[in-house]
Amino acid sequence: MVDHHVHGVVGGELERGVFEELLTESDRAVPGWMTQFDSPLGFAVRRWCAPVLELPPHASPEEYLAARESWGSREVARRLLAAAGVDRFLVETGLGGGLAEMAALSGRPVHEVVRLESVLEEVAASGAAAADLPLRFREELAQRAASAVGVKSIIAYRWGFDFDPDPPGEAEVVRAAGAWLREGTSRVSDPVLLRFALWTGVEHGLPIQLHTAYGDPDLELHRCDPLLLTRFIKEVEPRGVDLLLLHCYPYHRNAAYLAQVFPHVHFDVGLAVNHTGARSEAVIAESLELAPFAKVFYSSDAWGLPELHHLGAVLWRRGMTRVLGHHVDSGDWTFDDAVRVARMIGRDNAERIYHLR
């Protein structure tokens, strides 16, 4: 398997409160009257991660956290990453977490996906003047992406998909850069600069990952429907650059439509698989309703807790087995075709798009 979009693991021992905050996409504190263990993801941790730490399935949260502390964070990470059975990780480094650390903990090859906005923010923080920022960004991105397999945009978080789909002009970029630098904020959120970063990624030619839909409250979900990207998708099509829509829930059927009608559009339901837990089979089934199977990818979008790296793979395998097994049992598919499709989504599609072979 290839996890085509994933993040690093948080090091060090975690108190219960911090652990529970990493079990949710919310950036708010968990209310004192509830626990994130009482969620689809929390139940999945107790069911599928507990045995990896030599506990019985469905161990209590207290037993699970005690075992986690006893093993130590590095051993927990090694165990869970190994049990995931993922052969290669494509790590998006915008959230922190080094490639070397991920490679050491997993014992598997890792490749970098560069976050466009992070590079732009680093260039601005280096003291670049507004007039120099466009060229400095292009140069820095070229250097960073030279050893990467793809780039990623979080324009969904910083603005939304209802942006002007055309590339901005150079003078427009310089004016926006001047305003941003005068504000003195480290976070880039100007739509002109976000479009500039995205189109610079297009010019570079690597596959572009786009965070789509489900995420933390920093985004406005109704502005992250991938259908809002339709005009941008059409603008990119002649340039031969692949667009990979990440996560997509609850708009995964919309993403499947785009993947069906545009040759350069692909998608996954990573992140949603983890957070829907026992219901992840339904999300996986819906993701396979319309799009050609060569356009669907596996990812976990795990970050922080190695439990998420493990569960992404376990729940995806479980869901695919049940969904495709039903097709075989009903006589609609052959067994060999089911295996072939599982391999396409779990490995082959990523190897093709990211040139991993």
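The values are calculated or read from the model by the stated rules, or taken from the named source; none is laboratory data. Everything quoted here is computed from the prediction, not taken from an experiment. Here Cβ is always computed from backbone atoms with ideal geometry, including for glycine, and neighbour counts include all displayed protein chains.
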Practice task
Identify, from the list Ala197, Ala259, the residue that is of a type in the set (Gly, Ala, Ser), within 17 Å of Ser287 (Cβ to Cβ), touching a residue at least 12 places away in the same chain (Cβ under 8 Å) and buried (at least 18 other Cβ atoms within 10 Å of the Cβ).
Solution key: Ala259
Handout entry: Gly325 vs. criteria touching a residue at least 12 places away in the same chain (Cβ under 8 Å) and either outside any helix (DSSP H, G or I) or surrounded by fewer than 19 Cβ atoms within 10 Å (Cβ to Cβ) (or both)
Key = yes
Exercise for the section: Mind listing whichever residues of region 115-127 are free of Cβ contacts under 8 Å to residues at least 24 places away in the same chain, more than 11 Å from Leu141 (Cα to Cα) and of a type outside the set (Ser, Thr, Tyr)? Expected result: Gly127
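Matching residues to (1) touching a residue at least 12 places away in the same chain (Cβ under 8 Å); (2) crowded, with 24+ Cβ neighbours inside 10 Å; (3) closer than 15 Å to Arg343 by Cα:
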position: Ser280; (1), (2), (3): yes, yes, no
position: Ala285; (1), (2), (3): yes, no, no
position: Leu290; (1), (2), (3): yes, no, no
position: Phe293; (1), (2), (3): yes, no, yes
position: Phe297; (1), (2), (3): yes, yes, yes
position: Ser300; (1), (2), (3): yes, yes, no
position: Gly304; (1), (2), (3): yes, no, no
position: Leu308; (1), (2), (3): yes, yes, no
position: Gly312; (1), (2), (3): yes, yes, no
Problem - Where Arg158 falls short, out of the listed (1) modelled with pLDDT of 95 or more; (2) among the charged types (D, E, K, R); (3) surrounded by fewer than 19 Cβ atoms within 10 Å (Cβ to Cβ); (4) within 20 Å of the chain's Cα centre (by Cα) - result: (3)
Practice task
Search region 1-21 for residues being under 15 Å from the mean Cα position of the chain (by Cα) and assigned to a loop (DSSP other than H, G, I, E, B), and hand back the single one that is farthest from Ser299 (Cα to Cα).
Solution key: Gly8
Handout entry: Among (1) assigned to a loop (DSSP other than H, G, I, E, B); (2) within 23 Å of the chain's Cα centre (by Cα) - the single one Phe43 does not satisfy
Key = (1)
Practice task
State the number of residues belonging to region 26-51 that are modelled with pLDDT under 95, surrounded by 14 or more Cβ atoms within 10 Å (Cβ to Cβ) and either closer than 20 Å to Ser280 by Cβ or of a type in the set (S, T, N, Q) (or both).
Solution key: 0
Practice task
Scan region 25-39 residue by residue and report those that are touching a residue at least 60 places away in the same chain (Cβ under 8 Å) and either closer than 30 Å to His111 by Cα or of a type in the set (Phe, Trp, Tyr) (or both).
Solution key: Glu25, Ser26, Asp27
Problem - Val30 being of a type outside the set (D, E, K, R), closer than 30 Å to Leu116 by Cβ and in contact with an Asp or Glu (Cβ under 6 Å, 6 or more places away or on another chain) - result: no
Completion exercise
Scanning region 266-306 residue by residue, those closer than 15 Å to Trp48 by Cβ and either touching a Lys or Arg at 6+ places or on another chain (Cβ under 9 Å) or hydrophobic (A, V, I, L, M, F, W, C) (or both) turn out to be Val273, Gly277, Ala278, Ser280, Glu281, Ala302, Leu305, Pro306
Exercise for the section: Please find, within region 224-256, the residue that is surrounded by the most Cβ atoms within 10 Å (Cβ to Cβ) out of those that are part of a helix (DSSP H, G or I) and within 16 Å of the chain's Cα centre (by Cα). Expected result: Ala255
Exercise for the section: Please work out if Arg317 is among the basic types (Lys, Arg) and loosely packed, with under 15 Cβ neighbours inside 10 Å. Expected result: no
Exercise for the section: Determine whether region 253-268 contains at least one residue that is over 24 Å from Pro207 (Cβ atoms), modelled with pLDDT of 95 or more, in contact with a Leu (Cβ under 6 Å, 6 or more places away or on another chain) and not acidic (Asp, Glu). Expected result: no
Handout entry: Residue that is farthest from the chain's Cα centre (by Cα) [pool: residues in region 113-129 that are outside any helix (DSSP H, G or I) and buried (at least 19 other Cβ atoms within 10 Å of the Cβ)]
Key = Ala128
Exercise for the section: Kindly indicate which of Glu54, Glu63, Glu92 is modelled with pLDDT of 95 or more and in contact with a Lys or Arg (Cβ under 6 Å, 6 or more places away or on another chain). Expected result: Glu92
Exercise for the section: Among the candidates Ala313, Ala282, single out the residue that is at pLDDT 95 or above and over 15 Å from the mean Cα position of the chain (by Cα). Expected result: Ala282
Problem - region 276-298 - residue that is hydroxyl-bearing (Ser, Thr, Tyr) and in a helix (DSSP H, G or I) and, of those, farthest from Val314 (Cα to Cα) - result: Ser287
